[in-house]
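Please treat every number below as a calculation from the coordinates, not as lab data. The shown structure was predicted, so the numbers you read here are calculated from the model rather than taken from an experiment. As a convention, Cβ positions derive from the backbone with ideal geometry for all residues, glycine included, and neighbour counts pool all protein chains shown.
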Amino acid sequence: MNIGDKILELRKKKGITQEQLGDLLGVARQTISKWELNETSPNLEQTKNLAKILEVNIEEITSGDNLKKEEKQNDFFKIVINVLKIIFLIVIIVVIVLISYIYFKDYFLVQPKSTGMEIKCTYDNTEYYYEAWVNSKEENKITNFYTNDKNLNINTSKYRGIEELLDYVRNYVKEKGGYCGITHEG
């Protein structure tokens, strides 16, 4: 119970009106009304006089004030708890975003693991395809070489990249009286 409710209760117990209490304290009836509505509170001197008039201890009038302080403390703790909940939620969201980034970054930042070139050549009235691939990190190291030309036997380790290997293939086909046409990169 707050101080205003306590004044109202004790005044009614005593059987006096707001106007009578105001006259006894030397304040207007509206002042008593504001106290009872908890719009304002009596000062220390007025509270002492109230206790005398209402024939109670000053603590009996002000004991509700302690409850008011407790209510304010409870309100403060509720605010602190709500702020902590919001902070916790933000931390959870940040952790989820970071984990998602770490887990999916390779998916969204995909770099090709290898690149390749293909050429189409013709000799002896037959079409041949020559395809070479290199690792993206080691562009000079040929990782794969495919062809449907069974006559060509190549050791890819002696070539320093796709262009050098395919230049060899072009010269090979030219020596056989053929030609190379379409080149595809991928």
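Numbers for the structure displayed
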{"quantity": "Contact order relative to length of the chain, as percent, for alpha carbon pairs under 8 angstrom and 6 or more apart", "calculated": "16 percent"}
{"quantity": "Long-range HN-HN contacts of THR143 with modeled amide H, under 5 Å", "calculated": "TRP133, VAL134, ASN135"}
{"quantity": "Per-residue Cβ neighbour rank within 10 angstrom, fewest leading, ARG11, ARG170, ARG29", "calculated": "ARG29, ARG170, ARG11"}
{"quantity": "Taking TYR168, TYR123 and counting other C-beta atoms within 10 Å, the order from fewest to most", "calculated": "TYR168, TYR123"}
{"quantity": "Residue exposure sequence - LYS34, LYS105 - by fewest surrounding Cβ within 10 Å", "calculated": "LYS105, LYS34"}
{"quantity": "Computed helical MRE - 222 nm, the chain, DSSP H runs ≥ 4 contributing -39500 (n - 2.57), nearest 500", "calculated": "-19000 deg cm²/dmol"}
{"quantity": "Scaled radius of gyration (Cα, divided by 2.2 N^0.38 Å) that region 114-185 gives", "calculated": "1.05"}
{"quantity": "For the chain, convex hull of alpha carbons as volume per residue, Å³", "calculated": "218 Å³"}
{"quantity": "Convex hull volume per residue for region 3-68, taking Cα atoms only, in Å³", "calculated": "71 Å³"}
{"quantity": "Electrostatic dipole magnitude of the chain [Cβ: Lys, Arg +1; Asp, Glu -1; Cα centre; debye, to 20]", "calculated": "420 debye"}
